[in-house]
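Attaching a single structure in structure tokens format; questions to follow.
The values are calculated or read from the model by the stated rules, or taken from the named source; none is laboratory data. All figures in this text were calculated on a predicted structure; none of them were measured in a lab. For neighbour counting, all protein chains shown are included, and Cβ atoms are generated from backbone atoms with ideal geometry for every residue, glycine included. Just the protein is used for accessible areas: all its heavy atoms, side chains included, with ligands, DNA and RNA removed. Shrake-Rupley method; radii C 1.70, N 1.55, O 1.52, S 1.80 Å.
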Amino acid sequence: MEITSSFSFPSQEDFNSLNFFQELDFLSPSSDHHQSMSKKIKINDFDHNPVEEILNKFLGVENETHPESKSVENHTLFDFKNQKKVDFEMKDHGVLSGTKRVRENDNEKEEDVVEVISGSGSGSGFSQQPLQQRRLWVKNRSNAWWEQCNRPDFPEEEFKKAFHMGKATFDFICSELESVVTKKDTMLRMAIPVRQRVAVCIWRLATGEPLREVSRRFGLGISTCHKLVLEVCTAIRGVLMAKLIQWPDDIKMEEIKQEFEILSGIQNVGGSMYTTHVPIIAPKESVASYFNKRHTERNQKTSYSVTVQGVVDPKGIFTDVCIGWPGSMTDDQVLEKSILYERANRGNLNGTYIVGSSGFPLTDWILVPFTHQNVTWTQHAFNEKVNDVQKVAKEAFMRLKARWSCLKKRTEVKLQDLPVVLGACCTLHNICEMRGEELRQELRFDLVDDEMVPEIVVRSMNAMKVRDQIAHKLLHHNHSGTSIL
């Protein structure tokens, strides 16, 4: 909804414009077009102003004032520019409502009009000093697509295809966010319902479609859609993220370790770690920091990105995320900026290992594969088991990007707002995973993130000995499962 003022007190530039006199609208108590043209109203101000006299003489305006106590009920507004006459009824609160009769090709038609008149009168009266008109222009947009999706009898499969989640999960999100995203109705318009607000955000994240398409689907303005996406993402991050992305407590961690041991044979594994890149438009500042050299060389196209590092449990649910560092940083550099790194250095992991790819260093709490040439059978077997654990995280990130396709496209979101959107996507991913939402087969794709071996691969000599012991134990306890053997 756009609010513009059709008249304000003229400036010198206005007098120099011939169009100014064509755009003035006058109010007359008469409903007759001829009378409204012949009888005009003087523009008054509190103090004498020579500019007013010039304007009134030019227009041939005679003096006419209305008593302040007089109640004005019916008015005719004539638009000289568009040659349209409008009949209005004056409301107590200064809002004129009525119909506009427009003559086109000798045919007369009516349109609904709402106009707000700002005057200095008191009560229900109307004063003529100075007259200001604020017109409320509302572009008619169709939200038929959303109304159809919101119907109770709308097919579940079609709903999943549109929003990448079922109706029950969508309802759960709406109920969790209702107290935060609900807005009140105003005198001029009805507030957008909670379900439509949430739907705008989720559909935008799920499809990655541009805002103009979101506007067309939901019958809302482009700027309104952009604002809704950020508002709902902020609500998701503020209300749900802390509850749904948590580092496991001791009881939960034991369950995770048991599941990873069944998968790989490696004991005390508390998570699988991976880092992916989200493409962005070249930022205006610190361009070199976000330049992704590896993606640029592979795709032969200049690429800029931000990083998302995450740790997942055996079900692919995020237990830790680090979001928003520039794409020029390597995996180990992003790791050193994370809260997980600080937590581990304080000794809070209590002998728990996190399995990472070759892009991470070998530390007392990170297990990575052997990267040197000519590995032994024992080392190869260990690498295969580490790869099994690493696949869990890579598969989780694939589902994250597949379900929220906006993460695969260069986003229109400003760089400073991007961490909010990324955090919301990770939170929504956890909701879908916890509620058993299946990813449709046609959305799956091969996730590729170039890994770069750190300059210092081994950060602890003790970690090398522990890794060798784990590899030896896997081989001699028939957990290797290697194709070579």
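How long is the gain from ARG141 to ARG343 if the chain were fully straight, where each residue apart is worth 0.36 nm and the alpha carbon distance is subtracted?
Working: separation 202, 0.36 × 202 = 72.72 nm, distance 5.13 nm.
Working it through step by step, the gained length comes to 67.6 nm.
Which pairs in the list LYS252/LYS391; LYS160/LYS414; LYS252/LYS337; LYS243/LYS394; LYS252/LYS408; LYS252/LYS401 are over 30 Å apart, alpha-carbon to alpha-carbon?
From the list (LYS252/LYS391; LYS160/LYS414; LYS252/LYS337; LYS243/LYS394; LYS252/LYS408; LYS252/LYS401), the Cα-Cα distance tops 30 Å for LYS252/LYS408.
How compact and how long is region 164-288, expressed as Rg and Dmax of its alpha-carbon atoms in Å?
Cα-based Rg and Dmax for region 164-288 come out at 19.8, 66 Å.
Assuming R0 = 41 Å, what is the FRET efficiency of GLN469 and GLN246, from their Cβ-Cβ distance, to the nearest 0.05?
0.85
Which of the trypsin sites (Lys or Arg not before Pro) found in region 309-416 are in a DSSP loop and have at most 10 neighbouring Cβ atoms, other than their own, within 10 Å?
Hits after loop and neighbour filter: ARG346.
Can you give the accessible area per residue of region 311-441, in Å², using a 1.4 Å probe?
I get 39 Å² per residue for region 311-441.
How far apart, in nanometres, would the label points at LYS227 and ASP364 be if each is projected 7 angstrom from Cα along the Cα-to-Cβ direction?
Going by the 7 Å Cα→Cβ label model, 5.3 nm.
What is the sum of charges around PRO369, taking Lys and Arg as +1, Asp and Glu as -1, for the other residues whose C-beta is under 14 Å from the C-beta of PRO369?
Within the 14 Å Cβ shell, the charges total -1.
A follow-up question, please. If R0 is 60 Å, what FRET efficiency do you get for THR371 and LYS167 from their C-beta distance, rounded to 0.05?
0.80
Quick one: which residues, 5 or more positions from TYR304 or on another chain, have an amide H under 5 Å from its amide H? H modelled 1.01 Å from N in the peptide plane, none for Pro or chain starts.
Result for TYR304 returns ILE280, ASN292.
Shifting gears a bit: Which loop-located GluC sites (Glu not before Pro) does region 339-399 contain, where loop means any DSSP state but H, G, I, E or B and the Cβ has at most 16 other Cβ atoms within 10 Å?
Answer by residue number: there is no such site.
Would you be so kind as to identify which of ASN430, MET461, THR376 lies farthest towards the positive end of the dipole of region 368-485, taking Lys and Arg as +1 and Asp and Glu as -1 on Cβ and the Cα centre as origin?
ASN430
Between the DSSP loop rule and a limit of at most 12 other Cβ atoms within 10 Å, which GluC sites (Glu not before Pro) in region 424-462 are left?
GLU438, GLU455
From the phi of every residue in region 340-353, what ³J(HN,Hα) in whole Hz does the Karplus formula 6.51 cos²θ - 1.76 cosθ + 1.60 yield, where θ is phi - 60° and glycine or proline is x?
Computed from phi, the couplings for region 340-353 are 4, 5, 5, 4, 5, 5, 7, x, 7, 7, 6, x, 8, 9 Hz.
Let me ask another. Sorted by average packing, counted as other Cβ atoms within 10 angstrom per residue and highest first, what order do 196-205, 361-370, 457-466 take?
Packing proxy ranking, top to bottom: 196-205, 361-370, 457-466.
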